[in-house]
Amino acid sequence: MQLLSVNRAMPRAVDYKGRSVMTGIYKEPVTGPVLLRHEGLEGDGQADLKVHGGPDKAAYAYPIEHYVWWQEQLGRAAFPHGQFGETLTVQGLLEHELGIGDRLRIGGALLQVSQPRTPCFKLGIKMGAEDFPRRFQDSGRVGFYLRVLEAGPVCAGDGIEIVARHEPWHSVQELWRWNHVERGNRDAARIAVELAPLAQSWKDRFAQRLR
């Protein structure tokens, strides 16, 4: 398991249907170590803090294994790291193998898996296809967010170690499925609400379904 690329960008304005939209999705790889703090990656920014950033989304990791699949699906050439808006492009960490609450050591930072990603329309802007966020969500290849338990530098080439598995163990893929596919699964919703490391916004979502 390895960190292949650290990617960042500050928000910038792009044209969307004749209006200006601010977005930080245009991440680009950087060289050398970068400090990963509790608030996020140093030198990186988000345009809409209501839905991006914050302690439960300090970093967003996306597996390189999905890149080839998307290239085949879309009929495109190789994508650069950061193509899907991730701050960390990783290898060997897939959604069905990683659980909510699992703790990872990457470089000098200790991280905890907090939730799957739910894409917004700005991913469609980046990919040049308005329907792409829906396709991305439907694919289950959504990556995962991380909270920072111990701040520290991260750098392309760092190894990744799973230092602790959370119990009870529920994979990122499970939570994606409960949220996106099994919307009427009340037993799953009850489990999610009680899953302590799950991001609060997700617990609120499942609690709303139970109500």
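Every number here is computed from the coordinates shown, using simple stated rules; none is lab data. Worth saying up front: this structure is predicted, and the values here are computed from it rather than measured. Don't worry about glycine lacking a Cβ; one is built from the backbone with ideal geometry, like all the others, and counts go over all protein chains shown.
Here are a few things to note about the model shown:
- Under 16 Å from the ASP15 label point (7 Å along Cα→beta-carbon), backbone N, the range 100-132: 125-126, 128-129
- The chain, relative contact order in percent, only Cα pairs under 8 angstrom and at least six apart counted: 26
- Euclidean distance of C-alpha centroids, the range 1-68 and the range 122-155, integer Å: 9
- You can think of it this way: the chain between HIS38 and VAL68 has 7.7 nm of extra reach, that is 0.36 nm per residue less the Cα-Cα gap.
- Equivalent ellipsoid semi-axes, the chain, via Cα gyration tensor eigenvalues times 5, rooted, Å: 24, 22, 17
- The value obtained for the range 127-184, namely the Cα convex hull volume divided by the number of residues, is 149 Å³ per residue.
- The protection proxy used here, the mean number of other Cβ atoms lying within 10 Å of each residue, ranks peptides 77-83, 168-174 as follows, highest first: 168-174, 77-83.
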